[in-house]
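One structure is given here, and the rest of the page talks about it.
The values are calculated or read from the model by the stated rules, or taken from the named source; none is laboratory data. In this text the structure is predicted, and so the values were computed from the model without any measurement. Reconstructed Cβ throughout: ideal geometry from the backbone, glycine too, with neighbour counts over all protein chains shown.
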Amino acid sequence: MIDHVYLSVSDPERALTFYLAALKPLGWEAFGKYDSENGPDTVPDLWGLSSQAGRNSIWLRQRTAGETGIYLGLVADDPSLVDAAYAEALRAGGRDDGIPAVRQYFSDGYYAANVVDLDDNRLEFVHKSWNQKPA
């Protein structure tokens, strides 16, 4: 299951207005803004939208010069699966972009690992303690 996607845009506030209007009929709403001053240098300011169910999100970020690809967050049902996906991605030729660890700067119970694939797309394997596995 997809947990979240980062979309790199030229004007995040303008894009937020667009996405709020376009996704409102589907039950999406503003989720909040992440201020990059609260985390590591590798995490930019983010403007969030969330689905009605609250299990999926889209984060808008300022595009940087020469940036390509996508950032895709994928749900892991427990931290051991984050570790396993990270290890397998590296064995398959991916590059480390953040070792498995708690991402306290996002929230308590946010455990993730990041890799860059063979085409410079970014993947995050993430377990959020507040997201329960569907029955």
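All but one of (1) modelled with pLDDT of 90 or more; (2) part of a strand (DSSP E or B); (3) on the phi < 0 side of the Ramachandran plot; (4) not β-branched (Val, Ile, Thr) hold for Ser80; state the number of the condition that does not hold.
Result: Ser80 fails condition (2) only.
Among the residues that make up segment 75-97, is at least one of them aromatic (Phe, Trp, Tyr), crowded, with 16+ Cβ neighbours inside 10 Å and touching a Lys or Arg at 6+ places or on another chain (Cβ under 6 Å)? Spell out how you get there, then give the answer.
Filtering segment 75-97 for residues aromatic (Phe, Trp, Tyr) gives 86.
Then keep just the ones that are crowded, with 16+ Cβ neighbours inside 10 Å; that gives 86.
Filter once more, so that each one left must be touching a Lys or Arg at 6+ places or on another chain (Cβ under 6 Å): none.
Looking for residues that are aromatic (Phe, Trp, Tyr), crowded, with 16+ Cβ neighbours inside 10 Å and touching a Lys or Arg at 6+ places or on another chain (Cβ under 6 Å), one finds none in segment 75-97, hence no.
I'm trying to understand the selection: among the residues of segment 114-131, which are buried (at least 20 other Cβ atoms within 10 Å of the Cβ) and closer than 25 Å to Gly66 by Cβ?
Asn114, Val115, Leu123, Glu124
Those residues that are closer than 23 Å to Asp35 by Cα and either assigned to a strand (DSSP E or B) or of a type in the set (A, V, I, L, M, F, W, C) (or both), I need them from segment 106-124; list them, please.
Across segment 106-124, the qualifying residues are Phe106, Tyr110, Tyr111, Ala112, Ala113, Asn114, Val115, Arg122, Leu123, Glu124.
Identify the residue in segment 3-43 that is in a loop (DSSP other than H, G, I, E, B) and touching a residue at least 60 places away in the same chain (Cβ under 8 Å) and, among all such residues, is surrounded by the fewest Cβ atoms within 10 Å (Cβ to Cβ).
Residues of segment 3-43 that are in a loop (DSSP other than H, G, I, E, B), as a first pass: 10-11, 27-28, 35, 39-43.
Going one step further and asking which of them are touching a residue at least 60 places away in the same chain (Cβ under 8 Å), we end up with 39-40, 43.
Values: Gly39: 15, Pro40: 9, Val43: 17.
That would be Pro40.
Scan segment 96-105 and give yes if some residue there is among the aliphatic types (A, V, I, L, M) and more than 29 Å from Asp35 (Cβ to Cβ), otherwise no.
Going residue by residue through segment 96-105, those that are among the aliphatic types (A, V, I, L, M) are 99, 101-102.
Then keep just the ones that are more than 29 Å from Asp35 (Cβ to Cβ); that gives none.
No, segment 96-105 contains no residue that is among the aliphatic types (A, V, I, L, M) and more than 29 Å from Asp35 (Cβ to Cβ).
With the condition kept exactly as written, say whether any residue in segment 88-98 is part of a loop (DSSP other than H, G, I, E, B), in contact (Cβ under 8 Å) with a residue 24 or more places away in the chain, more than 26 Å from Ser129 (Cβ to Cβ) and not aliphatic (A, V, I, L, M).
If we filter segment 88-98 for residues that are part of a loop (DSSP other than H, G, I, E, B), which is where we start, we get 92-94.
Narrowing further to those that are in contact (Cβ under 8 Å) with a residue 24 or more places away in the chain: 93-94.
Subsequent filtering for residues that are more than 26 Å from Ser129 (Cβ to Cβ) retains 93.
Next cut, not aliphatic (A, V, I, L, M) only: 93.
So far as segment 88-98 goes, yes, one or more of its residues are part of a loop (DSSP other than H, G, I, E, B), in contact (Cβ under 8 Å) with a residue 24 or more places away in the chain, more than 26 Å from Ser129 (Cβ to Cβ) and not aliphatic (A, V, I, L, M).
Please go through segment 44-57 and pick out each residue that is buried (at least 17 other Cβ atoms within 10 Å of the Cβ), touching a residue at least 24 places away in the same chain (Cβ under 8 Å) and more than 20 Å from Asp97 (Cβ to Cβ).
Trp47, Leu49, Arg55, Asn56, listed by residue number.
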